[in-house]
Amino acid sequence: EAAELMKLTPMLTRRPQELSGGQQQRTALARAIVKESKVVFLDEPLANLDYKLREELRAELPQLFADRGAVVVYATSEPAEALMLGGYTAALHEGRVAQFGDTSDVYRRPVNLTTAQVFSDPPLNTAAITKKGTQCQLNAEVSWEMTGPQAALDDGDYTLAIRPHHVSAMPVAGAVAISGKIQVTELSGSESVAHFTVGQGSWVSQSDGIHPYQVDESHTFYMDVSKCFFFAADGRLVA
């Protein structure tokens with residue numbers, strides 16, 4: 001069963017030195033399954049596998065070990081992989097736990113800027129903002145009226161953070177327009193990714209569909225301000 005799951009059946013008669021790196025990785029996973037260990041430690045176990053097999057095993061491995069009553073400690077540098085696996089997540093930064101909890105809670109409600117940055121791919125967009133009354137000022141050209149918990153913040157300076165998929169190439173109801181010059185463009189499956197300038201820094205937009213960005217052209221993106229995080233000077237989440 002383990003060999004079949006790991007697509008190793010044709011290799012069962014081969015010697016270890018005759019296996020490729022990816023096949024050796026799959027063999028190690030198969031051994032963990034066969035041993036029926038109660039605690040399994042996996043350090044980026046899918047890193048050397050081809051895309052199709054990696055996606056299949058991402059979905060199958062958690063259930064496979066759960067069916068055997070095993071506790072799995074799974075190390076990954078990919079936020080999307082952690083979200084797919086579910087369970088509980090410890091976000092690590094420089095060898096320390098920045099936050100621990102239910103995976104969806106850690107993702108949706110990071111308690112500090114470090115966790116938000118660790119748990120974001122593409123990289124989290126950040127900028128210094130000033131709040132005065134109910135107005136939020138990003139730069140000389142971009143400001144908006146704050147509502148809800150954001151509006152209740154004390155006046156002052158904060159770090160705004162927003163994930164790239166909440167900065168869209170297309171207009172969104174209630175979104176704030178923000179313009180910049182395109183630096184780099186990428187296609188990721190059915191999504192378009194654009195890196196663009198914001199003031200002296202760089203932001204990333206991740207949008208559904210294929211968008212014909214051109215490097216060095218100016219483009220307007222749309223930031224869903226209801227999805228923004230606000231962090232205090234010490235990095236704590238405040239709204």
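The values are calculated or read from the model by the stated rules, or taken from the named source; none is laboratory data. Quantities reported herein were computed from a predicted structural model and do not represent experimental measurements. Reconstructed Cβ throughout: ideal geometry from the backbone, glycine too, with neighbour counts over all protein chains shown.
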Scanning region 174-194 for residues that are among the aliphatic types (A, V, I, L, M) and surrounded by fewer than 15 Cβ atoms within 10 Å (Cβ to Cβ), the one nearest to the chain's Cα centre (by Cα) turns out to be LEU187
Residue in region 199-216 that is among the polar types (S, T, N, Q), over 21 Å from ARG108 (Cβ atoms) and under 20 Å from the mean Cα position of the chain (by Cα) present:
yes
For region 122-145 the number of residues that are touching a Pro at 6+ places or on another chain (Cβ under 9 Å) and loosely packed, with under 15 Cβ neighbours inside 10 Å is 1
Contact list, first residue from region 107-128 and of a type in the set (Phe, Trp, Tyr), second anywhere and part of a strand (DSSP E or B), beta-carbon distance below 6 Å, six or more apart or interchain, is PHE119/ALA91
Of those in region 3-24 that are under 24 Å from ASP67 (Cβ atoms) and at pLDDT below 80, the residue surrounded by the fewest Cβ atoms within 10 Å (Cβ to Cβ) is LEU5
When region 154-173 is checked residue by residue, the ones that are exposed (fewer than 14 other Cβ atoms within 10 Å of the Cβ) and either assigned to a strand (DSSP E or B) or free of Cβ contacts under 8 Å to residues at least 24 places away in the same chain (or both) are ASP154, GLY156, ASP157, ALA173
Of the residues in region 130-142, those that are under 23 Å from PHE221 (Cβ atoms) and more than 27 Å from the chain's Cα centre (by Cα) come to LYS131, GLN135, ALA140, GLU141
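Say we look at region 195-237 and pick out the residues that are of a type in the set (Val, Ile, Thr) and surrounded by 14 or more Cβ atoms within 10 Å (Cβ to Cβ); which of these is farthest from GLN183 (Cα to Cα)?
VAL225
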**Qualifying residue in region 146-153 (condition: touching a strand residue (DSSP E or B) at 6+ places or on another chain (Cβ under 6 Å), loosely packed, with under 12 Cβ neighbours inside 10 Å and at pLDDT 95 or above)** = no
Okay, helices (runs of 4 or more DSSP H) sitting entirely in region 1-112 with 1 or more residues that are more than 30 Å from CYS228 (Cβ to Cβ) and under 26 Å from the mean Cα position of the chain (by Cα), I get 21-35, 51-67
| query | Just wondering, is there one or more residues in region 56-74 that are modelled with pLDDT of 80 or more, in contact with a Pro (Cβ under 9 Å, 6 or more places away or on another chain) and either of a type in the set (Phe, Trp, Tyr) or surrounded by 12 or more Cβ atoms within 10 Å (Cβ to Cβ) (or both)? | reply | yes
Flagged pairs (Cβ under 9 angstrom, 6 or more apart or on separate chains; first in region 137-149, within 15 Å of ALA177 (Cβ to Cβ); second of a type in the set (S, T, N, Q) and not in a strand (DSSP E or B)) are GLU145/THR134
Within region 74-86, residues under 14 Å from PHE41 (Cβ atoms) and not hydrophobic (A, V, I, L, M, F, W, C) come out as TYR74, THR76
